[in-house]
Amino acid sequence: MAIYVYRCDTHGATERSLPIGTAQRTTECTTCGATAFRVYTAPRLSLGDATRRALIDRTERSADQPDVVSSPGPRPTRRAPVAANPALRRLPRP
Ligand SMILES: [Zn+2]
């Protein structure tokens, strides 16, 4: 389904939710029944919630505009913390 926008001369914009590709050039205004003409708009797509969109935008922006730092970050610790699971403690360590 897609949302299509139509405009009535008297009542302004009205929206219709229709299957993609089935939008007609005109429709009836929901208020007065007069002919409303289709208005072509940018596609109304959603990529989920705002947090996810912000994360995607930040990730894409880091490819062209990476954060500038004055020094490398802290060194990682030499040893990873020992797993709490006793069975994993017996595994060989690097
Ligand atoms: Zn109208």
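With respect to the numbered conditions (1) hydrophobic (A, V, I, L, M, F, W, C); (2) open to solvent by 80 Å² or more (accessible area, probe 1.4 Å); (3) not in a loop (DSSP other than H, G, I, E, B), which one is the sole condition not fulfilled by VAL68?
(3)
Scan segment 7-23 and tell me whether some residue there is open to solvent by less than 40 Å² (accessible area, probe 1.4 Å), part of a loop (DSSP other than H, G, I, E, B) and more than 14 Å from the ligand (Cβ to nearest atom). Can you show your working first?
To start, the set of residues in segment 7-23 that are open to solvent by less than 40 Å² (accessible area, probe 1.4 Å) comprises 8, 12, 14, 23.
With part of a loop (DSSP other than H, G, I, E, B) added as a condition, the list becomes 23.
Now narrow it down to the ones that are more than 14 Å from the ligand (Cβ to nearest atom): 23.
For segment 7-23, residues open to solvent by less than 40 Å² (accessible area, probe 1.4 Å), part of a loop (DSSP other than H, G, I, E, B) and more than 14 Å from the ligand (Cβ to nearest atom): present.
Do we have ARG90 as touching a strand residue (DSSP E or B) at 6+ places or on another chain (Cβ under 6 Å), modelled with pLDDT under 85 and open to solvent by 70 Å² or more (accessible area, probe 1.4 Å) here?
Judged against the criteria, ARG90 is not a match.
Every residue, every condition in (1) over 33 Å from the mean Cα position of the chain (by Cα); (2) of a type in the set (Asp, Glu), yes or no:
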site: ALA2; (1), (2): no, no
site: THR14; (1), (2): no, no
site: THR41; (1), (2): no, no
site: GLY48; (1), (2): no, no
site: LEU55; (1), (2): no, no
site: GLU60; (1), (2): no, yes
site: ASP64; (1), (2): no, yes
site: VAL68; (1), (2): no, no
site: LEU91; (1), (2): yes, no
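Name the residues in segment 24-34 that are free of Cβ contacts under 8 Å to residues at least 12 places away in the same chain and either in a strand (DSSP E or B) or more than 10 Å from the ligand (Cβ to nearest atom) (or both), would you?
At the first step, the residues of segment 24-34 found to be free of Cβ contacts under 8 Å to residues at least 12 places away in the same chain are 28, 33.
Residue satisfying the conditions is GLU28 alone.
The values are calculated or read from the model by the stated rules, or taken from the named source; none is laboratory data. Being a predicted model, the structure only gives us computed values, none of them experimental. Note: ideal-geometry Cβ built from the backbone for every residue, glycine included; neighbour counts use all protein chains shown. When the accessible area is computed, the model is the full protein with side chains, heavy atoms only, and any ligands, DNA or RNA have been set aside. Shrake-Rupley method; radii C 1.70, N 1.55, O 1.52, S 1.80 Å.
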